[in-house]
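The structure under discussion appears below in the form of structure tokens.
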Amino acid sequence: MNRQGKAYLVGAGPGAVDHLTVRAYQLLTEAEALVYDALINPDILALVPETCEVHAVGKRGGQPSVSQQEINQLLVTLCQQGKQVVRLKSGDPFIFGRTTSEMQALQATGCPYEVVPGLSSALAAPLLANIPLTDPVLGSNFAVLTAHDLTLHSWEALAQMATLVILMGGKVLPEMSDRLISHGKRPETPVAVIRWASQPQQQLWEGTLLNIAQRTKGEKLSPCIIVIGEVVGLRPYL
């Protein structure tokens, strides 16, 4: 009787190995096949056994990449071969991770799967830069969004939020700043841009909606988390 495979849709956390969950670490060290996204720390990839079958399927803006349909089929094929498959995604699988498509493909073909949460960079990056996302006085709410398509958002509504955490926004930072200012956000609102959060090469730029584009001009910001709100101003005091 053939051994049944299983797919594990695993969050890799913000980047550093020591921010993996215990469950993620265990699954990686036992994986028979690894399907991983771009930007995964090489130290995390090194945790899999030497015999593990490895597939890089990451998507990077403007570069050739494996289609989502091909990724779905790869997971199904590996699972049907009886392998214990780790599908590794940055951060948390359910935050801009396109995980539902993969779950549906596995479910439709009778392949068992398990989703393993990860620490999202949307939460971890501000913390690692000493920026609280909420504060009793300066921020009673926050919103997390992707800048992949700016037309999808109500910038009038976002301008009313105390704190914004923006993923995939490095290339459109000037446009986002202009949109928020034009919809009523104070031009002096503090902004922080955090690149490579949790890793040794972590970088930080600070400014305001009015000057952050100029302060980061010419810099390679991706991959980054952008935090906009009065809470950013607390960073020097923490």
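Among the residues of segment 210-238, what is the count of those that are of a type in the set (A, V, I, L, M) and more than 23 Å from the chain's Cα centre (by Cα)? Here the count works out to 3. Look through Leu9, Leu45, Leu39, Leu20 and report the one residue that is at positive phi and out of contact with any His (no Cβ under 7 Å at 6 or more places or on another chain). Within the list Leu9, Leu45, Leu39, Leu20, the selection yields Leu39.
Considered as a group, the residues in segment 188-220 that are among the hydrophobic types (A, V, I, L, M, F, W, C) and part of a loop (DSSP other than H, G, I, E, B) include one that is nearest to Ser177 (Cα to Cα), and that residue is Leu209.
Just give me the residues in segment 95-112 being out of contact with any strand residue (DSSP E or B) (no Cβ under 8 Å at 6 or more places or on another chain) and assigned to a helix (DSSP H, G or I), in sequence order. Even if it seems obvious, please write down each step before you answer.
Of segment 95-112, the ones out of contact with any strand residue (DSSP E or B) (no Cβ under 8 Å at 6 or more places or on another chain) are 98, 100-101, 104-105, 108-110.
Scanning segment 95-112 gives Thr100, Ser101, Gln104, Ala105, Ala108.
Criterion first (among the aliphatic types (A, V, I, L, M), closer than 15 Å to Ser121 by Cα, surrounded by fewer than 22 Cβ atoms within 10 Å (Cβ to Cβ) and out of contact with any His (no Cβ under 6 Å at 6 or more places or on another chain)) does Leu204 satisfy it? The answer is yes for Leu204.
What about Ile131, is it touching a residue at least 60 places away in the same chain (Cβ under 8 Å), part of a loop (DSSP other than H, G, I, E, B), hydrophobic (A, V, I, L, M, F, W, C) and surrounded by 18 or more Cβ atoms within 10 Å (Cβ to Cβ)? Quick ask: steps written out before the conclusion?
Numbers: touching a residue at least 60 places away in the same chain (Cβ under 8 Å): yes; part of a loop (DSSP other than H, G, I, E, B): yes; hydrophobic (A, V, I, L, M, F, W, C): yes; surrounded by 18 or more Cβ atoms within 10 Å (Cβ to Cβ): yes.
Taking the combined requirement at face value, the residue satisfies it.
The sole residue among Val172, Val144, Val193 that is touching a Phe, Trp or Tyr at 6+ places or on another chain (Cβ under 8 Å) and surrounded by 15 or more Cβ atoms within 10 Å (Cβ to Cβ) is Val193. Return yes or no: is Thr29 loosely packed, with under 14 Cβ neighbours inside 10 Å and of a type outside the set (A, V, I, L, M)? The answer is yes for Thr29.
No lab work stands behind these numbers, since they all come straight from the coordinates. All values reported here derive from a predicted model rather than from experimental measurement. Using ideal geometry, Cβ is built from the backbone for each residue, glycine included, and neighbour counts are taken over all protein chains shown.
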